[in-house]
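The structure appears below as structure tokens.
The values are calculated or read from the model by the stated rules, or taken from the named source; none is laboratory data. If you're wondering where the values come from, they're calculated on a predicted model, not measured in any experiment. Please note: Cβ atoms are built from the backbone with ideal geometry, for glycine as well, and neighbour counts cover all protein chains shown. Note: areas computed on protein heavy atoms with side chains; ligands, DNA, RNA excluded. Shrake-Rupley method; radii C 1.70, N 1.55, O 1.52, S 1.80 Å.
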Amino acid sequence: MHIASQFKPAWWAKNPHLQTIFADWLTNTEQAIGINERLELDDGDFLDVVWTTAIDADYKGPLVVVFHGLEGSIKSHYVHRLLSLCERMNWPAVMMHFRGCSGEPNRLSRAYHSGETSDARFFLELLTKRYPCATLFAAGYSLGGNMLLKYLGEYVDDPLLKGAVAISPPLSLSACEERLKSGFSRVYQQHLLSRMKLNLHKKIALIPQLSQQLAGDQHLTSITDFRSFDQQVTAVLHGFESADDYYQKCSAMQYLKRIKVPSLIIHASDDPFMTQAVIPKLEQLSAAITYELSEHGGHVGFISGKYPWRAEFYLDQRIIEYFKSIYIGLNEA
């Protein structure tokens, strides 16, 4: 179902770019959060996760799992705030870094992308085995939100989650790629692309054969936008025929109708990463999905409050409020 958003943007940050940029600037991410853990994978690679607190094997209660966005990490403003809020509420939470996003390149040529759900599945299965009495919820931001929704559409009958929230997910990857080529949105593309290329060069230094797999290190200089990166890197390393093949197969829009887990999707109409093509029609949603669209909010912004020095962040409270409503319902059933 579609519902109206209760979000009211700050008068001093109605502009979508201010919403998007200020959310980062106004969040102090310097204070360390939680406990680091490295998980070894069967394919020889690893995942780095960060816990707000240690929990016992017989823990009974909510456990919030967080998936970050493109080139995100524990330092991402939205991750830091949500984990901090969970900590204050005594709700344990854990964030999974996608491969290569924790500050250390991953060991294999492959990395992560918008539709890579196998690592999330591995992690959720591990949590289920470790904490069989916990109630698992998941929040995914941007790329992580698209991945989470695709995951729920793939593991329909055994999702391991009781509720999910996807914030600013790029449900149509091709439409978002086109949007990021125009206007001020190109600034976001260049910022993210420069980080992606820098991390790729670091990885090539550790895995020299990767350069030849990608048709040579010099060839990477021709990467000037997300499409060329996805054509020359993402598709090659992850078994897609092309960037278009990747966009088509990994866009979560086509999976929404299948989802059975109570899920909330939050979008802003003025999101500078997206177009109207990303807004799902009612008939594209399953009965389990609540779709919340606000007029303002930018991309993973949603800042309110009277003054910049007293900024309030709608997303954090909205996510927890949604999980609370599901948790209470489960306990009353």
Give, in whole angstrom and from largest to smallest, the semi-axes √(5λ) of the equivalent ellipsoid of the chain, with λ running over the eigenvalues of the Cα gyration tensor. 29, 24, 20
Applying the Karplus parametrisation 6.51 cos²θ - 1.76 cosθ + 1.60 with θ = phi - 60° to the phi angles of the range 234-244, what ³J(HN,Hα) value in whole Hz is obtained for each residue in order, glycine and proline being reported as x? 4, 5, 5, 7, 10, x, 9, 6, 6, 4, 5
Whole-Hz ³J(HN,Hα) for each residue in the range 16-24, computed from phi via Karplus 6.51 cos²θ - 1.76 cosθ + 1.60 with θ = phi - 60°, x for glycine and proline: what do you get? x, 6, 5, 4, 5, 7, 5, 4, 6
Dipole magnitude (debye, nearest 20) for the chain, charges at Cβ of Lys, Arg, Asp, Glu: 580
Whenever you get a sec, line up LYS202, LYS197 from highest to lowest accessible area (probe 1.4 Å, protein heavy atoms). LYS202, LYS197
Here the relative contact order (percent) of the range 166-288, from C-alpha pairs under 8 Å and at least 6 apart, is 43
Considering amide H positions built from the backbone, and no H for Pro or chain starts, which residues 5 or more places from ALA268, or on another chain, come under 5 Å of its amide H? SER294
Quick one: what are the phi-derived ³J(HN,Hα) couplings along the range 141-154, Karplus 6.51/-1.76/1.60 with θ = phi - 60°, whole Hz, x for glycine and proline? 10, 6, 3, x, x, 4, 4, 4, 5, 4, 4, 5, x, 8
How many percent of the accessible area of the range 101-240 is carbon or sulfur, using a 1.4 Å probe? 54
Tell me the mean residue ellipticity at 222 nm calculated for the chain from its helices only (DSSP H runs of n ≥ 4, each -39500 (n - 2.57), averaged over every residue, nearest 500). -10500 deg cm²/dmol
GNM result for the chain, Cα springs below 10 Å: residue of ASP58, ASP48, ASP270 fluctuating most strongly: ASP58
Evaluated at 37 °C and 0.692 mPa s, the Stokes-Einstein D of the range 219-333 based on the Kirkwood radius over Cα pairs, in µm²/s, stands at 190
What's the center-to-center distance, using Cα atoms, between the range 26-88 and the range 269-333 in Å? 21
If N is the number of residues in the range 157-281, what value comes out of its Cα radius of gyration divided by 2.2 N^0.38 Å? 1.21
Can you compute log10 of I(q)/I(0) for the range 1-70 with the Debye formula, treating each Cα as one identical point scatterer, at q = 0.14, 0.27 Å⁻¹? -0.82, -1.28
So how much accessible area does MET274 have, in Å² to the nearest 10, using a 1.4 Å probe? 20
Note to self: with every protein chain in place and a 1.4 Å probe, the chain gives an accessible area per residue in Å² of 44
Computed over the chain, the relative contact order (Cα-Cα under 8 Å, seq sep at least six) in percent reads 25
Amide H contacts of THR290 (H built 1.01 Å from N, under 5 Å, at least 5 apart or other chain): SER263, LEU264, ILE265
